[in-house]
Ligand code: FPP
């Protein structure tokens, strides 16, 4: 992992290679989270039904997962389906679930080859048994992998996660006086994982859309006008470079940039 690995993968003398060579691999964000948005608009711009945008978005997922692992990002979280997304037409929901299944089947080999550990965050028990089985299979197959952790947020809501964590804390018999931020975080779906350092949103919308509400407290946010189906590793490199230009202060003053 690192520059040599990335350069062996991107086209020589390309814009991607030029951007990659500017990245400081000692200061990568540990955890990158992405709100993949704009699939519907991408399809509409081409006069196609919305589901074509989701289908095209799979190529972006593939590119970004592989690029992140090769760069040396430790955790990547993609927002694939929110608790609110059930309000979409049933055909669109069904397509999204089918695409997810197909992606996992087709990409399992790549996940294994790249030593990537797959994980799901969200209310898994509300998904259909076939999806749960597919997710469980990919999770089991990759659980011994030690490189990047790849989280898919599925049937995920930030508020729902906080409510679920509060319930778990109560079930565990934790009394109010014993609860602090660190202990509470141990009941979130992302327990044990570092918080995102960088949150990327595509399609230009300036919203966090109920995504990782607790965990993004100090994340740097980078928004691009690029629609998700057009997002490729080049955009990821741009986001990383923008991140490395930020000064992270965590509410303090003039803290030196120690990203990652
Ligand atoms: C938002 O675009 C995108 C989604 C709700 C789904 C994202 C899902 C995928 C890219 C495919 C499956 C994912 C994986 C990880 C295999 P939108 O439909 O809200 O776009 P719009 O705002 O332009 O309407």
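The values are calculated or read from the model by the stated rules, or taken from the named source; none is laboratory data. Predicted model, so just to flag it, every value in this text is computed and none were measured. Using ideal geometry, Cβ is built from the backbone for each residue, glycine included, and neighbour counts are taken over all protein chains shown.
Among residues belonging to the range 190-207 that are within 16 Å of the ligand (Cβ to nearest atom) and crowded, with 17+ Cβ neighbours inside 10 Å, point out the one that is farthest from residue 150 (Cα to Cα). Give the steps one after another, and end with the answer.
Taking the range 190-207 first, the residues within 16 Å of the ligand (Cβ to nearest atom) are 199-207.
Applying the additional criterion that residues be crowded, with 17+ Cβ neighbours inside 10 Å yields 199-203.
Working: 199: 15, 200: 15, 201: 17, 202: 19, 203: 22 Å.
Among them, the one singled out is 203.
With the structure loaded, tell me whether residue 98 is within 12 Å of the ligand (Cβ to nearest atom), surrounded by fewer than 16 Cβ atoms within 10 Å (Cβ to Cβ) and over 26 Å from residue 194 (Cβ atoms) or whether it fails that test. If you could, list the steps in order and put the result at the bottom.
Numbers: within 12 Å of the ligand (Cβ to nearest atom): yes; surrounded by fewer than 16 Cβ atoms within 10 Å (Cβ to Cβ): yes; over 26 Å from residue 194 (Cβ atoms): yes.
Against the criterion (within 12 Å of the ligand (Cβ to nearest atom), surrounded by fewer than 16 Cβ atoms within 10 Å (Cβ to Cβ) and over 26 Å from residue 194 (Cβ atoms)), residue 98 qualifies.
Evaluate the following for residue 148: is it within 16 Å of the ligand (Cβ to nearest atom) and under 30 Å from residue 2 (Cα atoms)? First the steps, then the outcome.
Details: within 16 Å of the ligand (Cβ to nearest atom): yes; under 30 Å from residue 2 (Cα atoms): yes.
Taking the combined requirement at face value, the residue satisfies it.
Within the range 213-224, does at least one residue satisfy the condition of being touching a strand residue (DSSP E or B) at 6+ places or on another chain (Cβ under 8 Å), within 16 Å of the ligand (Cβ to nearest atom) and touching a residue at least 24 places away in the same chain (Cβ under 8 Å)? Spell out the reasoning first.
Kept after step one, since they are touching a strand residue (DSSP E or B) at 6+ places or on another chain (Cβ under 8 Å), are these residues of the range 213-224: 215-216, 219-224.
Applying the additional criterion that residues be within 16 Å of the ligand (Cβ to nearest atom) yields 223-224.
When the remaining residues are screened for being touching a residue at least 24 places away in the same chain (Cβ under 8 Å), the result is 224.
Checking the range 213-224: at least one residue is touching a strand residue (DSSP E or B) at 6+ places or on another chain (Cβ under 8 Å), within 16 Å of the ligand (Cβ to nearest atom) and touching a residue at least 24 places away in the same chain (Cβ under 8 Å).
Need at least 3 residues that are modelled with pLDDT of 95 or more and either over 20 Å from residue 219 (Cα atoms) or touching a strand residue (DSSP E or B) at 6+ places or on another chain (Cβ under 7 Å) (or both) per element, so show me which helices (runs of 4 or more DSSP H) inside the range 77-194 make the cut, counting only ones lying wholly within it.
Numbers: elements: 90-113, 129-142, 158-171, 181-185.
Where helices (runs of 4 or more DSSP H) fall fully within the range 77-194 and carry at least 3 residues being modelled with pLDDT of 95 or more and either over 20 Å from residue 219 (Cα atoms) or touching a strand residue (DSSP E or B) at 6+ places or on another chain (Cβ under 7 Å) (or both), they are 90-113, 129-142, 158-171.
Can you name the residue in the range 77-95 that is within 9 Å of the ligand (Cβ to nearest atom) and closer than 25 Å to residue 31 by Cα and is also surrounded by the fewest Cβ atoms within 10 Å (Cβ to Cβ) among such residues?
The qualifying residue surrounded by the fewest Cβ atoms within 10 Å (Cβ to Cβ) is 85.
Report yes if some residue within the range 74-84 is over 23 Å from residue 195 (Cβ atoms) and either free of Cβ contacts under 8 Å to residues at least 12 places away in the same chain or under 18 Å from the mean Cα position of the chain (by Cα) (or both); otherwise report no. Walk me through how you get there before you give the answer.
Step one: list which residues in the range 74-84 are over 23 Å from residue 195 (Cβ atoms), which gives none.
No, the range 74-84 has no match at all.
If only one of 190, 139, 128 is within 23 Å of residue 75 (Cβ to Cβ) and free of Cβ contacts under 8 Å to residues at least 40 places away in the same chain, which one is it?
Details: 190 fails: free of Cβ contacts under 8 Å to residues at least 40 places away in the same chain; 128 fails: within 23 Å of residue 75 (Cβ to Cβ).
Result of the check over 190, 139, 128: 139.
Would you please list the contacts, defined by Cβ atoms under 7 Å and residues six or more apart or on different chains, that run from a residue in the range 101-117 that is closer than 17 Å to residue 153 by Cβ to a residue that is surrounded by fewer than 13 Cβ atoms within 10 Å (Cβ to Cβ)?
Qualifying pairs under 7 Å: 117/143.
Going by what's in this entry, would residue 37 be described as within 16 Å of the ligand (Cβ to nearest atom), assigned to a helix (DSSP H, G or I) and buried (at least 16 other Cβ atoms within 10 Å of the Cβ)? Walk me through how you get there before you give the answer.
On the way: within 16 Å of the ligand (Cβ to nearest atom): yes; assigned to a helix (DSSP H, G or I): no; buried (at least 16 other Cβ atoms within 10 Å of the Cβ): yes.
No.
Please tell me if residue 60 is part of a helix (DSSP H, G or I), near the ligand (Cβ under 9 Å from one of its atoms) and under 14 Å from residue 235 (Cα atoms). Write out each step before concluding.
On the way: part of a helix (DSSP H, G or I): yes; near the ligand (Cβ under 9 Å from one of its atoms): yes; under 14 Å from residue 235 (Cα atoms): yes.
Yes, satisfied.
Does the range 121-138 include one or more residues that are near the ligand (Cβ under 10 Å from one of its atoms) and surrounded by 19 or more Cβ atoms within 10 Å (Cβ to Cβ)? Steps first, please.
Residues of the range 121-138 near the ligand (Cβ under 10 Å from one of its atoms): none.
Within the range 121-138, none of the residues are near the ligand (Cβ under 10 Å from one of its atoms) and surrounded by 19 or more Cβ atoms within 10 Å (Cβ to Cβ).
Restricting attention to the range 66-75, does a residue exist that is in contact with a strand residue (DSSP E or B) (Cβ under 6 Å, 6 or more places away or on another chain) and part of a strand (DSSP E or B)?
Here is the first cut: in the range 66-75, the residues in contact with a strand residue (DSSP E or B) (Cβ under 6 Å, 6 or more places away or on another chain) are 68, 73, 75.
From the residues that got through so far, the ones that are part of a strand (DSSP E or B) too are 75.
Yes, there is a match, as at least one residue in the range 66-75 is in contact with a strand residue (DSSP E or B) (Cβ under 6 Å, 6 or more places away or on another chain) and part of a strand (DSSP E or B).
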